[in-house]
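Visitor: One structure, as structure tokens, below. Some questions next.
The values are calculated or read from the model by the stated rules, or taken from the named source; none is laboratory data. Just so it is clear, the model here is predicted, and its values are computed rather than measured. The accessibility values were calculated without ligands, DNA or RNA, using every heavy atom of the protein model including side chains. Shrake-Rupley method; radii C 1.70, N 1.55, O 1.52, S 1.80 Å.
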Amino acid sequence: MAMAVGRTGQTAVKSEPNVVPMIDIMLVLLIIFMIVTPLIAAGFKATLPKGKNLDPRPEGDNEVVLGIDAAGRYFLNGRPLPEGTLEDQLRSIYASRQEDKILYFKADNQLKYGKIQEAVETARRSGVRVMAAITEPNQSAAAVFGKEAQDKDKEK
């Protein structure tokens, strides 16, 4: 704070605001927005991971699998769902379950992330507590699992 000395020798406090720190903060924010805005406009692409150490077990009878194809259509346990009925279907399934509120999730890797987020939010509203993503095995894992399956068939 600055002080001024008057004619009579008395000091008076200047009540002018110091705007330099505010200007510094505004310049930093301007630079951040100038850098981030083009990245947001370019979009974010999510690619689902390929699994390395996958358990080759088949899907069980009581497991619920939600699938979304490249066109954005929903499939529940392999059966197509009519538009707008996903939340009602999931709510009816998970309303009767006291435990095991797990939803297994398959989505096309070319699908927009917004569609996946919409499905996740719908599942949460419907009573799902745990979501597990199902990944595709990479080529070496597929070869190993295929060989294990063939070996098991030969043993039978």
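Visitor: When the residues of the stretch 93-140 are narrowed to those that are acidic (D, E) and modelled with pLDDT under 85, which ends up least open to solvent (accessible area, probe 1.4 Å)?
Guide: For the stretch 93-140, the residue satisfying everything is D108.
Visitor: Say we look at the stretch 1-54 and pick out the residues that are polar (S, T, N, Q) and within 28 Å of the chain's Cα centre (by Cα); which of these is modelled with the highest pLDDT?
Guide: Once the filter is applied, the top-ranked residue is T37.
Visitor: Name the residue that is nearest to R129 (Cα to Cα), counting only residues in the stretch 69-92 that are at pLDDT 85 or above and hydrophobic (A, V, I, L, M, F, W, C).
Guide: Residue satisfying both the conditions and the ranking: L90.
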